[in-house]
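To start, the structure itself, in structure tokens.
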Amino acid sequence: MTGIIAGLDIITVSFASGIIGLLFAAYLIFSVLRREQGTKEMVSIAHAIQEGAVAYLNRQYRTVAIVVVVLASVLWLALSAATAITFVIGAVLSALAGYIGMMISVQANVRTANAAKKGLGEAFKVAFHGGAVTGFAVVSLGLLGVAALYYHYKDPFMPIGFGFGASLISLFSRVGGGIYTKGAAVGADLVGKIEKGIPEDDPRNPAVIADNVGDNVGDCAGMAADLFESYTVTIIAAMLLGLASQDKVLYPLALGAVAIIASIIGSFVVRTSSKEKIWAALNRGILVSALLAAAGFYFVTKQMFSDLKLFYAALVGIAVTIVIGYVTEYYTSHSRSPTRSIAEAAKTGPATVIIMGLARGMESTIIPVLAISAGIFAAHYFAGVYGIAIAAVAMLSMTGIIVSVDSFGPITDNAGGIAEMAKMPASVREITDPLDAVGNTTKAVTKGFAIGSAALAALSLFAAYREAAKLTAINLFEPNVVVGLFIGGLLPFIFSSLTMRAVGRSAFMIVEEVRRQFREIKGLMAGKAKPDYARCVDISTKAAIKELVLPGIIAVAAPLLTGFILGPEALGGLLAGAIITGLLLAITMTTGGAAWDNAKKYIETGKLGGKGSDAHKAAVVGDTIGDPFKDTSGPALNPLIKVLNTISLLSAGMIVAYHLL
């Protein structure tokens, strides 16, 4: 190393950056908690949401802990004690990142609703600060975890167990949280909006608290665990591919450290008091963070290497991030033509809404896939396979600001629900509604980012697997490879089927319970009696916990069975197939689902007949179908393809040895 960097220890810089990120998150927590919560009724509603979210997450983690202990024991016996220990550390930190995010989210929601009484600027600030806690907790804990393990073991292979632990928690959080939130949301919408004709978040709806709880355990805790995993496994994969030199092993950590500081600075430019500029303010934070990170990447690369090829590869990752963000916003914002075309289709009924939503979701894959493909070519041109890994690291280095923008969504959604249930003035809903609408877009953009980064991260892990399995090529003319390819391509569809069916079963139980309460609780529809919210929360919790185990077992077992039965080349085929179909299916589902949601919200602004019209009822059907698409099955494919890759990477040595016997 040369210049200023020569006098610094990158591990120390990584520690310092991670600690600064955590201190910034602590400052944001203080800035949120010092705000007033509002009336007793608002506090009571918020407490019910908080209680349900904490109860669910505690039960989920208790269930997952059993799986973690079993797998840690297997890793201890099959590989090493160190691998088992790092696996547990990865699982614990991933769970902690999600827990921190959810806890501040359920505190920020009521404060955002109360701040809306003072104006949009104040409500926006509280919601963004609450979301930013999650963002900076994710990247700071992730960077500290990987840096600490590398510092202790001095071996980039050791953090692979850490990545597997993070991947497993991500998978369970995404699946369980997604089933919970969408089972409750679909049940609430089908009875409340369609059958009873009452507004969203109406306090008479028994499922309304469960719906609001779901926003936190799915969109906040689930997304936090998802991107914690993406962030850490991408850095680990790049470190493995950089084993040719010490500088290349440490370079990914340096990029992560720089980006945390850049994102902290970028967060200070996120402010607005205009309804029309909410997304622009959030996007400004992303762009400023990206520009500052790029400047930092240039400085670090200049000091560490004799040329700038790796800097150019890093720029490719940032460029792909920005392109995917703009494309997702275009396809999901209610002010854009794709979403409005779905709304227009609602004039002729639910069938045309569904057809148009599916069509737009499929169409939305074109530019992201082309952007990722161009990014792969460009990064490889500059620095080979390692350059692709660095592009992925640069992309994931933006996780802090991206997750901040994402977690803004569930906070504003909950704020609107609290305002409705507490019967706050219409002027408050006039502020929370546009925040919520943009929140749908931010969640969609983040899912687009998560999917795109998952593809690049999985490609980096795939390259690391190739090295670990000592594969020089994968021959597509070999029957075993073709079988592996088909199995891999099939897995995202089977996985999506399981999660969609789980949402359907959960929603069925919620619908039956909500109908029962409307039927049996006298005066409920007239607003003279209080529904049993806790019963719906309990149903959603039990359904989600019950349904999350089988998809997890499939994700772990499929690559092991394929590798040991068909061989390492067939397992390579499985990974390739899963990456391709997983990417395409995830983009289709998440973007299409968000477009359905915002098409409904577009009609609710008074267009095409407004709330209660036939077009609105048709749009609600589309939104109901889109819910499990965008918040359960689509996002859960990200951790799926990375679990497949990390378990393959961990077991590569054993699989090769087995087939050499």
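Considering only residues that are crowded, with 24+ Cβ neighbours inside 10 Å and in a helix (DSSP H, G or I), which ones fall in the range 268-277? Don't jump to the end; show me each part of the working.
Keep residues of the range 268-277 that are crowded, with 24+ Cβ neighbours inside 10 Å, which gives 270.
Answer for the range 268-277, where residues must be crowded, with 24+ Cβ neighbours inside 10 Å and in a helix (DSSP H, G or I): there is none.
It is to be established whether one or more residues within the range 398-421 are without any contact (Cβ under 8 Å) to a residue 40 or more places away in the chain, more than 17 Å from ALA454 (Cβ to Cβ), of a type outside the set (Val, Ile, Thr) and assigned to a helix (DSSP H, G or I). There is no residue in the range 398-421 that is without any contact (Cβ under 8 Å) to a residue 40 or more places away in the chain, more than 17 Å from ALA454 (Cβ to Cβ), of a type outside the set (Val, Ile, Thr) and assigned to a helix (DSSP H, G or I).
State which residue is farthest from the chain's Cα centre (by Cα) when the search covers only the range 124-145 and only residues that are aliphatic (A, V, I, L, M) and under 15 Å from GLY400 (Cβ atoms). Write out each step before concluding.
So in the range 124-145, the residues aliphatic (A, V, I, L, M) come out as 126-127, 132-133, 137-139, 141, 143-144.
Imposing the further condition that a residue be under 15 Å from GLY400 (Cβ atoms) reduces the set to 132-133, 137-139, 141, 143-144.
Values: ALA132: 14, VAL133: 15, ALA137: 14, VAL138: 11, VAL139: 13, LEU141: 16, LEU143: 18, LEU144: 20 Å.
So, considering only residues that are aliphatic (A, V, I, L, M) and under 15 Å from GLY400 (Cβ atoms), the one farthest from the chain's Cα centre (by Cα) is LEU144.
MET158 meets all of the listed conditions (1) under 30 Å from ALA116 (Cα atoms); (2) aliphatic (A, V, I, L, M); (3) surrounded by fewer than 24 Cβ atoms within 10 Å (Cβ to Cβ) but one, namely (1). Criterion applied to ILE354, ILE418, ILE376 was being more than 30 Å from GLY214 (Cβ to Cβ) and out of contact with any Cys (no Cβ under 9 Å at 6 or more places or on another chain), and the one residue passing it is ILE376.
Going by what's in this entry, would LEU144 be described as in contact with an Asp or Glu (Cβ under 9 Å, 6 or more places away or on another chain), in a helix (DSSP H, G or I) and modelled with pLDDT of 80 or more? So LEU144 fails the test.
Condition test on ALA257, is it in contact with a Lys or Arg (Cβ under 8 Å, 6 or more places away or on another chain) and either surrounded by fewer than 20 Cβ atoms within 10 Å (Cβ to Cβ) or in a helix (DSSP H, G or I) (or both)? Lay out the reasoning, then the answer.
Values: in contact with a Lys or Arg (Cβ under 8 Å, 6 or more places away or on another chain): no; either surrounded by fewer than 20 Cβ atoms within 10 Å (Cβ to Cβ) or in a helix (DSSP H, G or I) (or both): yes.
Judged against the criteria, ALA257 is not a match.
Residues in the range 436-455 include none that are out of contact with any helix residue (DSSP H, G or I) (no Cβ under 7 Å at 6 or more places or on another chain) and either open to solvent by less than 10 Å² (accessible area, probe 1.4 Å) or part of a helix (DSSP H, G or I) (or both). Taking the conditions exactly as written (open to solvent by 10 Å² or more (accessible area, probe 1.4 Å), under 30 Å from ALA426 (Cα atoms), in contact (Cβ under 8 Å) with a residue 60 or more places away in the chain and not acidic (Asp, Glu)), does GLY101 satisfy them or not? So GLY101 does not fit the description; no.
Of all residues in the range 3-17, those that are at positive phi have Cβ atoms under 6 Å from Cβ atoms of residues that are open to solvent by less than 60 Å² (accessible area, probe 1.4 Å) and at pLDDT 50 or above, 6 or more apart or on another chain, in GLY3/GLN303. For the range 56-113, residues that are in contact with a Gly (Cβ under 7 Å, 6 or more places away or on another chain) and among the charged types (D, E, K, R) total 0.
With ALA502, ALA544 as the choices, which residue is buried (at least 19 other Cβ atoms within 10 Å of the Cβ) and either within 30 Å of ALA314 (Cβ to Cβ) or modelled with pLDDT of 85 or more (or both)?
That would be ALA502, the only listed residue that is buried (at least 19 other Cβ atoms within 10 Å of the Cβ) and either within 30 Å of ALA314 (Cβ to Cβ) or modelled with pLDDT of 85 or more (or both).
Scanning the range 235-267 for residues that are over 21 Å from the mean Cα position of the chain (by Cα) and among the polar types (S, T, N, Q) returns SER245, GLN246.
Residues that are open to solvent by less than 60 Å² (accessible area, probe 1.4 Å) and outside any helix (DSSP H, G or I): does the range 364-382 have at least one? The answer is yes, given that some residue of the range 364-382 is open to solvent by less than 60 Å² (accessible area, probe 1.4 Å) and outside any helix (DSSP H, G or I). Taken over the range 600-624, the criterion of being open to solvent by 30 Å² or more (accessible area, probe 1.4 Å), closer than 20 Å to SER333 by Cβ and of a type in the set (Val, Ile, Thr) is satisfied by THR605 alone. Would it be correct to say that ILE198 is touching a helix residue (DSSP H, G or I) at 6+ places or on another chain (Cβ under 6 Å) and more than 19 Å from THR63 (Cβ to Cβ)? Answer is yes for this residue.
Matching residues to (1) open to solvent by less than 10 Å² (accessible area, probe 1.4 Å); (2) assigned to a loop (DSSP other than H, G, I, E, B); (3) out of contact with any Ser or Thr (no Cβ under 7 Å at 6 or more places or on another chain); (4) among the basic types (Lys, Arg):
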residue: LEU282; (1), (2), (3), (4): yes, no, no, no
residue: ALA293; (1), (2), (3), (4): yes, no, no, no
residue: GLN303; (1), (2), (3), (4): no, no, no, no
residue: TYR312; (1), (2), (3), (4): no, no, yes, no
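Out of PHE136, PHE172, PHE164, one residue alone is at pLDDT 90 or above, farther than 18 Å from LYS630 by Cβ, out of contact with any Cys (no Cβ under 7 Å at 6 or more places or on another chain) and buried (at least 24 other Cβ atoms within 10 Å of the Cβ). It is PHE136.
The condition (being crowded, with 21+ Cβ neighbours inside 10 Å, at pLDDT below 90, more than 22 Å from the chain's Cα centre (by Cα) and not polar (S, T, N, Q)) is satisfied by just one residue among ALA422, ALA426: ALA422.
For GLU513, state whether it is part of a helix (DSSP H, G or I), open to solvent by less than 60 Å² (accessible area, probe 1.4 Å) and charged (D, E, K, R). Before the answer, list the steps.
Numbers: part of a helix (DSSP H, G or I): yes; open to solvent by less than 60 Å² (accessible area, probe 1.4 Å): yes; charged (D, E, K, R): yes.
Yes; evaluated as a whole, the condition is true for this residue.
Of everything in the range 112-123, what is over 24 Å from the mean Cα position of the chain (by Cα) and surrounded by 24 or more Cβ atoms within 10 Å (Cβ to Cβ)? Give them in sequence order.
Of the residues in the range 112-123, the ones over 24 Å from the mean Cα position of the chain (by Cα) are 113-122.
Passing the criteria: ALA113, ASN114, ALA115, ALA116.
Considering the range 625-661, the residues that are open to solvent by less than 10 Å² (accessible area, probe 1.4 Å) and among the small types (Gly, Ala, Ser) include one that is nearest to ALA359 (Cα to Cα), namely GLY626.
Residue count for the range 190-216 under the criterion of being open to solvent by 10 Å² or more (accessible area, probe 1.4 Å) and assigned to a helix (DSSP H, G or I): the result is 5. Against the numbered list (1) of a type outside the set (Lys, Arg); (2) in contact with a helix residue (DSSP H, G or I) (Cβ under 9 Å, 6 or more places away or on another chain); (3) at pLDDT below 90, LEU490 comes up short only at (3).
The values are calculated or read from the model by the stated rules, or taken from the named source; none is laboratory data. Just so you know, these numbers come straight off a predicted model, no measurement behind them. Heads up, the Cβs are rebuilt from the backbone with ideal geometry, glycines too, and the neighbour counts pull from every protein chain shown. Surface accessibility is based on the protein's heavy atoms, side chains included, excluding ligands, DNA and RNA. Shrake-Rupley method; radii C 1.70, N 1.55, O 1.52, S 1.80 Å.
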